[in-house]
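Read the structure below first, then the notes.
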Amino acid sequence: MTTGCLLISHGTVDDLADLPAFLRNIRRGHEAPPELVAEVTRRYEAIGGRSPLNAISTTLAERVGAALGVPTRYAGRLWKPDAREVVREMVAAGVDHLVVVPLAQFSAKIYVEHVQNACKDLPGLTIVGAENWGLTEGILGAFGRAIEAARVAAGDPYVLMTAHSLPKFIVDQGDPYEKEVRAAAAALAEKLALPRWGVSFQSQGMSTGPGGRPVAWLGPDLRAALKELREAGERAVVLAPIGFLADHVEILYDLDLEAQGWSKDLGISLSRIASLNASDDMVDAIARVARPLLAR
């Protein structure tokens, strides 16, 4: 048996010309309205015209592979590098046992199923996927150290932990996402003995879906949460985006630019923790998740 490891994220484009097709994939084949394409393009341009996510994830895969001692690659669920093509190359190189670790620690199932469905006809390949790992010791330790460093730098801040919002109907159908995000936040607050902390959901999508159907999103919304904190007397807030593992548009635009602007208007001093990216802590957290699956 020759084992390999695949890290898979939501994905992103490197060329802004690909944004309409990328958004079509996100919207399950529905074309994105021109105003949505324009707005997403504006956000990418505001952070320099390209997200660093693919480069970070490729470096992370290289480092995780070195830690595990097995060939490790990176793929995107909704864009290139395509999971099937990457896995096909791994199989051609001799891999017949693939461990999939989603870079979405609270939503692992859909990523593992994507790889399984995309690669089901590749001969002689066994695929084993990690389950949700947002409550594991490795990732909580990594976020804990990042939060503590940011707290020290900010003095005595309120710590607001964030994760990507989801359409509420997904949680209403039984998805554990919100429950696990809140459990991770509570575990971190207890671990660090945080005196003042809370949870907010950021980066909500459009309020209407394909066909004009209304879409309700998980809350509380970040902007509203910041407003409430200021009204409660808070003047310094550290954002801890515990739902995100690497710098991407949701971090570099939604937090560093948009939320920073809201905070200035409110009179709040806003900072955030450093993203884990391809750090030693991130490599260790993923290796802890993957290692038990290597021989399964």
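Bear in mind that the values in this text are calculations on the coordinates, not laboratory data. All values reported here derive from a predicted model rather than from experimental measurement. Cβ atoms come from the backbone with ideal geometry, glycine included; neighbour counts cover every protein chain shown.
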>> Taking 0.36 nm per residue of sequence separation and subtracting the Cα-Cα distance, how much length would be gained by fully extending the chain between Trp262 and Lys80, in nm to one decimal?
In response: 62.2 nm
> Taking GluC sites (Glu not before Pro) that fall in a DSSP loop and have at most 16 other Cβ atoms within 10 Å as cut points, what is the longest piece of the chain between them?
Replying inline: 132-296
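When averaged across all projection directions, what area in nm² does the alpha-carbon convex hull of region 27-87 cover? Walk me through the numbers before you get to the answer.
On the way: hull surface 21.6 nm².
Here the figure is 5.4 nm², rounded to one decimal.
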> If you add up the charges near Ala216, with Lys and Arg at +1 and Asp and Glu at -1, over every other residue whose beta carbon is less than 11 angstrom from its beta carbon, what do you get?
Replying inline: +1
> For the chain, what are the per-bin percents of Cα-Cα distances with bins 5 Å wide, up to the bin holding the maximum?
Replying inline: 1, 5, 11, 15, 18, 17, 14, 10, 5, 2, 1, 0, 0
> Which whole-number percent is the relative contact order of region 226-296 (Cα, under 8 Å, 6+ apart)?
Replying inline: 42
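Based on the Cβ-Cβ distance of Glu137 and Ile110, what FRET efficiency does E = 1/(1 + (r/R0)^6) give at R0 = 35 Å, to the nearest 0.05? Show your work: numbers first, answer last.
Values: r = 24 Å, r/R0 = 0.69.
Efficiency at R0 = 35 Å is approximately 0.90.
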> Under the Karplus relation 6.51 cos²θ - 1.76 cosθ + 1.60, θ = phi - 60°, what is the ordered set of whole-Hz ³J(HN,Hα) values for region 191-202, x standing for Gly and Pro?
Replying inline: 4, 9, 6, 5, x, 9, 7, x, 10, 9, 10, 10
> Across region 97-107, in residue order, what do the Karplus-derived ³J(HN,Hα) couplings come to in whole Hz, using 6.51 cos²θ - 1.76 cosθ + 1.60 with θ = phi - 60° and x for Gly and Pro?
Replying inline: 9, 10, 9, 9, 10, x, 8, 8, 5, 10, 9
> Remind me, relative contact order of the chain in percent, using alpha carbon pairs under 8 angstrom and six or more residues apart?
Replying inline: 24
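Write down the percent of antiparallel bridges among all DSSP beta bridges whose residues are both part of region 137-272, to the nearest 5.
Details: 2 of 17 bridges.
The answer is about 10 percent antiparallel.
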> To the nearest whole percent, what portion of all C-alpha pairs in region 137-272 is separated by more than 18 angstrom?
Replying inline: 55
> Too long at a 29 Å Cα-Cα cut-off: which of Lys80/Lys109; Lys80/Lys179; Lys109/Lys168; Lys179/Lys264?
Replying inline: Lys80/Lys179; Lys179/Lys264
>> Which one, Val100, Gly65, Ser51, is farthest towards the positive end of the dipole of region 48-120 when Lys and Arg carry +1 and Asp and Glu -1 on their Cβ?
In response: Ser51
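Please list, by residue number, every one of the trypsin sites (Lys or Arg not before Pro) in region 114-168 that is coil in DSSP and has at most 16 other beta-carbon atoms within 10 Å. Spell out each step's value before the answer.
Values: sites: Lys120, Arg145, Arg151, Lys168; in loops: Lys120.
Filter output for region 114-168: Lys120.
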> If we count every other residue with Cβ under 12 angstrom of Arg272's Cβ, Lys/Arg +1 and Asp/Glu -1, where does the sum land?
Replying inline: -3
> Ordered by residue, what ³J(HN,Hα) values in Hz, to whole numbers, does region 159-171 give under the Karplus form 6.51 cos²θ - 1.76 cosθ + 1.60, where θ = phi - 60° and Gly and Pro are x?
Replying inline: 9, 10, 8, 10, 8, 5, 5, 10, x, 4, 5, 5, 5
> Taking the Cα centre of the chain as the origin and placing charges on Cβ (Lys, Arg +1; Asp, Glu -1), which of Phe22, Ser263, Phe244 is farthest toward the positive end of the dipole?
Replying inline: Phe244
> Please identify the chymotrypsin sites (Phe, Trp or Tyr not before Pro) of region 12-105 that satisfy two criteria: DSSP loop assignment and at most 13 other Cβ atoms within 10 Å. Which are they?
Replying inline: none
>> What distance in nm separates the two pseudo spin-label positions at Ala295 and Ser269, each 7 Å out from Cα along the beta-carbon direction?
In response: 5.3
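May I ask you to compute the full-extension gain from Arg145 to Glu45, defined as 0.36 nm times their residue separation minus their alpha-carbon distance, rounded to one decimal in nm?
Details: separation 100, 0.36 × 100 = 36.00 nm, distance 3.14 nm.
Full extension of this stretch gives 32.9 nm more.
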> For Gly76, what is the net charge nearby, where nearby means another residue's Cβ is under 12 Å from its Cβ and Lys, Arg count +1, Asp, Glu -1?
Replying inline: 0
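Can you compute the charge dipole magnitude of region 137-272 about its Cα centre, using +1 on each Lys and Arg Cβ and -1 on each Asp and Glu Cβ, nothing else charged? Give it in debye, rounded to the nearest 20.
On the way: 14 positive and 18 negative charges, 40 e Å.
That gives a dipole near 200 debye.
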> Can you list the residues, at least 5 places off or on another chain, whose amide H is less than 5 Å from the amide H of Asn277, using H built in the peptide plane?
Replying inline: Ala246, Asp247
